[in-house]
Amino acid sequence: MPAHRHLVPPLADRGHLRLTEAELQHWGKELGKSITAPLIVTLTGELGAGKTTLARAICRGYGVPDEITSPTYALVHEYRAPRSAVVHIDRYRLDSPDHLTNVGWDEIVSARALVLVEWPERAGSRLPDDHLPIDLDYVAGDPGLRILLAG
């Protein structure tokens, strides 16, 4: 898998990793512009932390022209972009890594695609080691801000 340069939120060099939703979307769009498939990006965080918001922004930057919706109930959404397919997976409703077979996990992670995985911790040992992890968290006392840790 090709190396990717790290995109650091603009204020991180001054110790500020807290982002507004607009800053999170901007960062995601810039990440989408800079990445190259094949790549698996994992998005970790509590419910409502902004995983799907960030996935949408990454898709926009990557060139997906379609509306990006949460795959919570469908489990997998596939989109077309000029550079490759984009597969957006939400593992929230899957109880066991064994259920990955039913959604075509092995084919998805071996495809030459951009793969965005929400709730990757539920994939267990079936998640390839070589992926780009992104964690989102709430900022205590400020519901409009998120903490972003990438790489």
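Each value in this text was obtained by applying a stated rule to the coordinates, not by laboratory testing. Please read all numbers here as calculations on a predicted model, not as lab measurements. Here Cβ is always computed from backbone atoms with ideal geometry, including for glycine, and neighbour counts include all displayed protein chains.
Observations on the structure shown:
- Put simply, the amide H of Leu145, placed in the peptide plane, has neighbours under 5 Å in Val139, leaving out anything fewer than 5 places away on its chain.
- Isotropically averaged projected area of region 20-150, using the convex hull of Cα atoms (one quarter of hull area), nm²: 7.4 nm²
- A simple charge model with +1 on the Cβ of Lys and Arg, -1 on the Cβ of Asp and Glu and nothing else charged puts the dipole of region 20-150 at about 420 debye relative to its Cα centre.
- If the chain linking Asp106 and Glu78 were pulled fully straight, counting 0.36 nm for each residue of separation and taking away their Cα-Cα distance, it would gain 8.6 nm.
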